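Report on the following structure.
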Amino acid sequence: MSTLAHVFEAEGLATIALGSQRNQIEATAPPRGLWCDFPLGRPLGKPNNPAFQHQVLAHAFDLLAATEPVFEVFAESIEDDGVEMMACPLPPRHDPDAHPAVDEARGLRPAYDRAVERYGNRVGAGRVVDADTITDVIESFARVADGTPWKEAGIPGVPSRAAQDLRGYYETAALGLVDHAPSAWAGTRWFFEQTEAGKTVLAARSAMKAADVKQPIWFYMAPGDR
């Protein structure tokens, strides 16, 4: 985005770049940069807090007055403690013949639909598969975890994107189960540590790594610290 900012500025269009990682925004040096020490994915800081978000935007728009390159730091930081996890009740088993993660995902569908109706499908499924076919992703990853080569397992598209759709489905469903905005990575921790689907993704990822699949193919199926 900082590179594009230079291109737009060269054509006479003023830009402002908001960054969540200081080293990146300093290295790319956009003409007008504002570093906000917020968790990744939350460029305006606090969900459902218009007053705080307007403070961030007001600071950003003030940079338009600069006639020379400028880099500033937003006054308030927001930390992710790395511990909080959403307390989301998972549905009980309904179909004992289905894979546990498939049964789980089906049980979460009402919560997913409630969240989409309330918030819109901002981070849910839809990049590779939609909510109606999310169980296809789970079944394909389960086959990989059981030893099927990933190219033969029926993964719809790039494995990392399929995994992102699955994670987005679950994190969106979680929003339909809680009554507050969780910390930035609480949903991710919940998905990988508490759900059958998250465990299936990690098992498939480990199987692909063990099979000497090229790293980019499996690595981005989960955050790098997993």
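The values are calculated or read from the model by the stated rules, or taken from the named source; none is laboratory data. Only a predicted model underlies this, so the values are computations on that prediction, with no experimental measurement involved. No Cβ is skipped: glycine too gets one built from the backbone with ideal geometry, and neighbour counts run over all protein chains shown.
Given the structure, is L57 within 23 Å of the chain's Cα centre (by Cα), in a strand (DSSP E or B) and at pLDDT 90 or above? Quick ask: steps written out before the conclusion?
On the way: within 23 Å of the chain's Cα centre (by Cα): yes; in a strand (DSSP E or B): no; at pLDDT 90 or above: yes.
The answer is no for L57.
Among the residues of the stretch 136-156, is there at least one that is more than 20 Å from A115 (Cβ to Cβ), more than 13 Å from the chain's Cα centre (by Cα) and of a type in the set (S, T, N, Q)?
Within the stretch 136-156, the first condition is being more than 20 Å from A115 (Cβ to Cβ), and the residues that meet it are 136, 139-156.
Going one step further and asking which of them are more than 13 Å from the chain's Cα centre (by Cα), we end up with 136, 139-156.
Those still in the list that are of a type in the set (S, T, N, Q) too: 140, 148.
Yes: the stretch 136-156 contains one or more residues that are more than 20 Å from A115 (Cβ to Cβ), more than 13 Å from the chain's Cα centre (by Cα) and of a type in the set (S, T, N, Q).
Pairs are defined by a Cβ separation below 7 Å, a sequence spacing of at least 6 or placement on different chains, a first member in the stretch 141-154 that is closer than 16 Å to K199 by Cβ, and a second member that is modelled with pLDDT under 95 and of a type in the set (K, R); no pair meets this definition. Residues in the stretch 175-226 that are more than 16 Å from the chain's Cα centre (by Cα), closer than 20 Å to N121 by Cβ and of a type in the set (G, A, S): G176 only.
For the criterion of being within 19 Å of the chain's Cα centre (by Cα) and of a type outside the set (A, V, I, L, M), R106 fails.
When the residues of the stretch 112-154 are narrowed to those that are under 14 Å from Y169 (Cβ atoms) and aromatic (F, W, Y), which ends up modelled with the lowest pLDDT? The extreme case among them is Y119. Summed over the stretch 176-214, the residues that are under 23 Å from R42 (Cβ atoms), charged (D, E, K, R) and in contact (Cβ under 8 Å) with a residue 40 or more places away in the chain give a count of 2.
Among the conditions (1) free of Cβ contacts under 8 Å to residues at least 24 places away in the same chain; (2) of a type in the set (V, I, T); (3) part of a helix (DSSP H, G or I), T67 misses just one, which is (3).
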